[in-house]
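What follows draws every value from the coordinates through simple rules; no lab data is involved. Small disclaimer: the values here were computed from a predicted structure and weren't measured. So basically every Cβ, Gly included, is an ideal-geometry build from the backbone, and we count neighbours across all protein chains shown.
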Amino acid sequence: MGKKVYSCGSRVFITVCGYFVYRRLQAPRANANANYMVARAQIGDIELNVSASGRVVAAVSQEVVPLVSGAVEKLEVKEGDRVKEGDVIAVIDDESLQQEIERIESNLKQQNLSLSKLKASLSDFYIKAPADGRVKFLKARVGEDVGTTTRTYGALAIISTDGKMKVAIKPQGSISLTAGEKVLVRLEDNTEVEGTVVDTSLSQPRGPSGQQDSSQAGPSAGSVQVQINRDDLPIGAKVTVLKRDENSGEYVVIGEGTLDVNQGVSVTGNNGKISVIYVKENSVVKRGDNLFKLDDSDVKANIELQNLAIEQTQKELESKKSQLGNAELKSPINGIITSLTVKAGEQVQKGRAIATFTDPTQLNVVVSVDELDIPKVKIGQKAKIKVDAFPDTVFEGEVIKIADIGQPSGGGVTTFDVTISIKDPGDVKIGMSATAEIQVESRKGVVLLPIEAIQERNGEKYVIIAPSSLQDKSGDGEVTGKRQTSEGATARHRNWAWGSLIIGDRRGTQSGNFFGRSSFRKVEVGLTNETYAEIISGVEEGEEVIIPLSSTVSTPNNWRDMFPGFGGMRNGGFDRSRVPANIRR
């Protein structure tokens with residue numbers, strides 16, 4: 001692989017040298033006396049920068065926006081004044097705000113009153129026990145309308161209040177009964193309880209609800225009422241009343257009837273559906289105990305809506321009250337008033353800015369970067385900033401913002417605004433012109449050569465290795481020769497500074513012998529800028545390369561003149577104007 005490369009290099013070298021001899025013989029004398037410079041490859045750092053210009057702007061700028069509307073009662077500042085954070089700049093008349101607060105407070109009072117009425121109405125959805133006693137005749141059912149049940153059965157339930165029950169009968173045959181006489185009451189399930197005759201002058205028996213029972217209508221004469229000292233028996237139950245025969249000792253039937261409460265109170269309702277029943281048949285209750293609950297979902301929904309309305313009104317009231325403290329407009333930062341749009345006595349609108357404050361100690365520079373360079377620029381990259389007003393000072397900076405939308409700058413070129421923060425701006429003022437060098441890429445501790453030493457042919461890059469850096473060797477690809485030092489070169493040998501890179505410089509007159517002992521070498525180039533090229537491979541630290549100069553023109557295409565087919569990385573030739581004046585010829 002190595003021999004193949006040397007062979008190729010040799011062919012290139014022979015072609016170039018042959019052409020050089022031809023030029024010396026045929027060309028004018030001025031070209032024959034062209035000069036050269038020797039540069040030594042050294043280890044150094046290289047940066048690739050994007051340069052752009054722009055202006056200094058404020059990094060911190062805030063507006064003052066009134067939170068209330070009204071007339072400016074006092075104005076304490078003027079445009080251009082320097083203020084501190086918290087300083088009062090204006091006072092707004094808040095009379096209209098006070099009136100608004102009073103209106104909201106009145107509305108809130110009405111809303112709370114309506115809520116109280118709604119909550120109170122919830123108690124109307126409970127049907128309570130009207131007296132102490134036992135629940136009898138329970139006809140209410142969940143989901144049924146209380147009005148319909150009341151009309152159908154005469155009551156939702158009956159509360160037995162004295163703990164007793166009764167039955168009205170008409171004695172059969174010639175049996176006679178007297179008040180206070182004891183009898184036996186037998187139910188259909190053969191349950192037997194003792195009863196007492198309490199009334200022998202009844203007119204007509206009555207039903208369970210306490211109303212007359214037409215089905216038991218009959219002559220009033222001889223009708224009696226029997227009372228039982230318990231009320232836990234089924235109301236409306238069929239019973240048989242018996243009397244003990246004094247002669248035989250046997251019980252004989254004296255009549256039949258139905259059980260009813262002795263003293264009771266009916267529980268009724270007008271409208272509404274029952275959602276909850278709290279009692280059962282024969283439950284013992286106290287006056288005021290809940291018996292039934294009606295469906296109150298509509299009222300509860302209205303209560304919820306009313307609560308939301310009150311909450312909203314309270315927030316509005318709190319907001320308005322907090323705005324009373326906002327009648328004083330204060331400076332949000334330490335800075336300078338750069339804009340003031342109102343005067344004392346003028347009306348201001350809530351939410352519309354009346355002043356702008358800028359902090360002159362925190363500055364940025366906004367530069368316009370060409371669309372071809374903007375892909376290289378990233379947030380966080382370092383930059384060096386020069387302000388026209390301070391030509392001897394370099395300010396440190398950092399990229400903090402890159403515009404997403406570009407702006408046409410003429411000639412079909414689009415630029416993008418890049419914002420760079422300025423560290424320690426000192427006496428820099430807003431609006432000053434500035435230039436920024438943004439460090440988009442860098443390498444440290446790499447082999448460097450001047451950019452003019454790199455030439456290109458057919459997409460490959462080459463340098464001319466000086467005879468002083470060639471080893472004694474023969475074979476394809478390298479011309480045999482010994483390292484030599486000419487008197488002219490050594491007499492004028494010195495080091496000079498090219499930016500941050502120290503390059504060995506020997507200058508002399510080109511000759512067939514000199515270039516005959518030089519060699520073209522292909523190199524791999526990395527990062528390049530206006531001054532240097534990073535050499536990845538092909539040249540090592542300390543090796544010397546030849547850079548041709550010209551004494552006849554300021555920016556000649558020396559390589560193309562001397563070596564056909566070669567051109568510099570910057571369109572050929574060495575830029576003589578960039579060489580320090582003390583070593584120009």
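Select from the range 253-297 those trypsin sites (Lys or Arg not before Pro) which occupy a DSSP coil region and have at most 16 other Cβ atoms within 10 Å, ordered by residue number. It would help to have the intermediate numbers written out before the result.
Details: sites: K273, K280, K286, R287, K293; in loops: K280, K286, R287.
Within the range 253-297, the qualifying trypsin sites (Lys or Arg not before Pro) (loop, at most 16 other Cβ atoms within 10 Å) are K280, K286, R287.
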Next item on the list: Run down the aspartates and glutamates and flag those whose C-alpha is under 15 Å from the C-alpha of K423, throwing out any fewer than 8 positions away in its chain.
Entry: D359, E396, E398, E437
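Would you mind checking K238/K286; K166/K238; K166/K243; K109/K321 for any pair whose Cα atoms are more than 18 angstrom apart?
Working: K238/K286 29 Å; K166/K238 12 Å; K166/K243 16 Å; K109/K321 16 Å.
Listed pairs above 18 Å: K238/K286.
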Notebook entry, point to check: When only C-alpha pairs under 8 Å and at least 6 residues apart count, what is the relative contact order of the range 128-294, in percent?
Noted result: 37
Next item on the list: Using the charge dipole of the range 128-294 (Lys, Arg: +1 at Cβ; Asp, Glu: -1 at Cβ; taken about the Cα centre), state which of G288, G163, A131 has its Cα farthest towards the positive end.
Entry: G288
Check: What FRET efficiency comes out for the pair E456/E316, r = Cβ-Cβ distance, R0 = 56 Å, nearest 0.05?
Finding: 0.15
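Counting other Cβ atoms within 10 Å, keep those with at most 16, restrict to DSSP loop, and tell me which trypsin sites (Lys or Arg not before Pro) in the range 45-104 are left.
On the way: sites: R55, K74, K78, R82, K84, R103; in loops: K78, K84.
Sparse-neighbourhood loop trypsin sites (Lys or Arg not before Pro): K78, K84.
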Margin query: I'd like the projected area of the range 128-294, averaged over all directions, using the convex hull of its alpha carbons. Report it in nm² with one decimal.
Written below: 10.1
Margin query: Could you check the spin-label model distance between E250 and V60? Points 7 Å from the Cα along Cα→Cβ, value in nm.
Written below: 11.8
Check: When the dipole is taken about the Cα centre of the range 128-294, and only Lys, Arg (+1) and Asp, Glu (-1) are charged at their Cβ, what size is it in debye, to the nearest 20?
Finding: 720
Checklist line | Simple spin-label estimate for I43 and D232 in nanometres, 7 Å along Cα-Cβ | finding: 11.1
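Using Cβ contacts closer than 10 Å as the measure, can you line up S61, S519 from fewest to most? The partial results should precede the final answer.
Details: S61 16, S519 23.
Arranged by neighbour count, lowest to highest, S61, S519 become S61, S519.
Roughly speaking, what is the stretch gain from K401 to A131, that is 0.36 nm per residue apart minus the C-alpha to C-alpha distance, in nm to one decimal? Present the calculation step by step, with values, prior to reporting the outcome.
On the way: separation 270, 0.36 × 270 = 97.20 nm, distance 8.27 nm.
Length gained, K401 through A131: 88.9 nm.
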Note to self: Placing +1 on the Cβ of each Lys and Arg and -1 on the Cβ of each Asp and Glu in the range 227-385, which of V342, Q381, G257 has its Cα farthest towards the positive end of the resulting dipole?
What the structure shows: Q381
Checklist line | Proxy reagent accessibility, fewest Cβ within 10 Å first, across D189, D245 | finding: D189, D245
Check: Once you charge only the Cβ atoms, +1 for Lys and Arg and -1 for Asp and Glu, what is the size of the charge dipole of the range 272-336 about its Cα centre, to the nearest 20 debye?
Finding: 180
Note to self: Nothing charged except the Cβ atoms of Lys and Arg (+1) and of Asp and Glu (-1): what's the magnitude of the dipole of the range 252-379 about its Cα centre? Round to the nearest 20 debye.
What the structure shows: 440
